[in-house]
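Following: one structure in structure tokens, then a few remarks.
The values are calculated or read from the model by the stated rules, or taken from the named source; none is laboratory data. Since the model is a prediction, treat every value here as computed from it, not as a measurement. Cβ sites come from the backbone with ideal geometry, for glycine too, and all protein chains shown count toward neighbours. The accessibility values were calculated without ligands, DNA or RNA, using every heavy atom of the protein model including side chains. Shrake-Rupley method; radii C 1.70, N 1.55, O 1.52, S 1.80 Å.
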Amino acid sequence: MRIHQTDFARQSVWRAILASSFPLIIAELVNLLYSQVDRIYIAHISGIGSVALTGVGLCLPIISLISAFARLFGSNGGGPLCAIELGKGDNQEAERYLGQSFTLTVVTGLVITVLVLIFSRPILYLFGASDQTFPYAQSYLVIYVLGSVPVLISLTLTPFINALGYSSVGMVAVVVGALTNIILDPILIFLFDLGVRGAAIATVISQCISAIFCIAFLRRGHLPIRLRFMPLEGRRVARICMLGTSGFTMGATNSIVQLVCNKCAAIWGGDLYVGVMTILNSIREIFSTPMNGFSSGATPVMSYNYGRGDGRRVMKASQLLLVMMLVYSGLIWALIYILPDPFIRLFTTDGTLMEASHHALQIYFFGFIFMSFHMSGQQTFVALGYAKQAVFFSLFRKVIIVVPLTIILPYFIGVDGVVLAEPISNVVGGMATYSVMRLTIFRKLRRQLAKASLRP
């Protein structure tokens, strides 16, 4: 059977983005099922559902931090660098970046496993666990972290498959794992009565299957992981980490923000509002996932054509990415404002928790459309290798805006202040990121195009 490969150089830009994005959106949504299905099943465990959900919610910042390393070495680091080299026609250099990223991923996964197993108790209490929620949080986290190596491998290798134009293969890798997770979850949670531990076991098994699939596809010769390119080399590791730091910062700062939100929610609203924040973050993940898919689909289009020196296609891809995300995020903003309750019911049927979540959700999603400006500007920086700008604006939106506001606003408006910090950061951070990107990158690309048009 012939596998479809997107032609980043000759296919129309919008078709190339859609052809690359659609499988990635499906993959992102399906990948989201790993955690969402776990939470939905856990929330419906008889007698302990709400407490268990809050316990697992405390693990989310830690899981986000672990996943951030895949952005560091894959989607924001090695992946775009690989696509740029493929655009230049240097396949061997692309393979070198793959080998370096693979080694970094495995080593980091092993280190994370050891550290979390040793320090799980103080980490979870730092992230907001109480004596009531700690047993559920630890049961989930300890098992999840045992699978951190395959989790990171599957997340890191998928962008390299996408860089080749085989986004549909990346989608299949995720779908195979997710279907396994969906099948195993009810069996392990309810039939074998493993509860929270069963959800974690199902997730780890599923990610192992996805990782094996990715390695097997790359080994077929499309972009093989060669042993001779796996020993770490300082120059390439530095390039991967410098560019990937922006993606890592986004993931890590999400973790920091969730930590601060959980702490502030616990102070101003108790365990109830820790549960509310878990639901808000879960719903945000669902609706921001397609935006991640659009971004991931546009990245290799921009990177590949930047490597070829085609600035016109780079700018067009960046502009189309913004338009796609504006249309999508505007529709979602309206949907959440009109019909919030059906999404809340996915995670709880508790009346008190539902009432608190209804009000908080409408505040939290105010300004959701402005995330489009941040993500399109940020992804353009990443795709073209502008590491410093990408890192700065990752820190700007989350660390400089969200964290201080999350701490300060509750003193003036109570627990609503914890929720309001996110939409404020979307507006301010989004417009700042996109404006600077246009003033720097687009201006540079236009100058290059003008010079090229003057050459005889």
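Couple of notes before you dig in:
- Normalised by residue count, segment 71-163 yields a Cα convex hull volume of 84 Å³ per residue.
- Dipole moment magnitude, nearest 20 debye, the chain about Cα centre, only Lys, Arg, Asp, Glu C-beta charged: 2380 debye
- The chain: angle of helix 443-454 to the longest principal axis, Cα-based, in degrees nearest 10: 20 degrees
- Distance between modelled label sites at Trp268 and Leu449, nm, 7 Å Cα→Cβ extension: 4.6 nm
- Rolling a 1.4 angstrom probe over the protein heavy atoms with all chains in place gives the chain an accessible area of 39 Å² per residue.
- Along the axis of the charge dipole computed for segment 28-148 (Cβ charges of +1 for Lys and Arg, -1 for Asp and Glu, origin at the Cα centre), the listed residues Ala137, Thr103, Asn76 are led at the positive end by Ala137.
- Taking Lys and Arg as +1 and Asp and Glu as -1, the other residues whose beta-carbon sits under 15 Å from that of Leu353 total -2.
- Cα long-axis angle, helix 79-88 against the chain (0 to 90 degrees, to the nearest 10): 10 degrees
- 0 to 90° range, to nearest 10: angle between helix 49-70 axis and the chain longest Cα axis: 20 degrees
- Computed lengthening from Asp350 to Gln5, 0.36 nm per intervening residue step minus Cα-Cα distance: 119.5 nm
- Its relative contact order, with pairs defined as Cα atoms under 8 Å and 6+ residues apart, puts segment 67-109 at 43 percent.
- Cα-based equivalent ellipsoid, the chain: semi-axes from gyration tensor eigenvalues, Å: 35, 26, 19
- Restricting the chymotrypsin sites (Phe, Trp or Tyr not before Pro) of segment 284-358 to loop positions (DSSP other than H, G, I, E, B) with no more than 15 neighbouring Cβ atoms within 10 Å leaves nothing.
- Sulfur and carbon atoms: percent of accessible area, the chain [1.4 Å]: 67 percent
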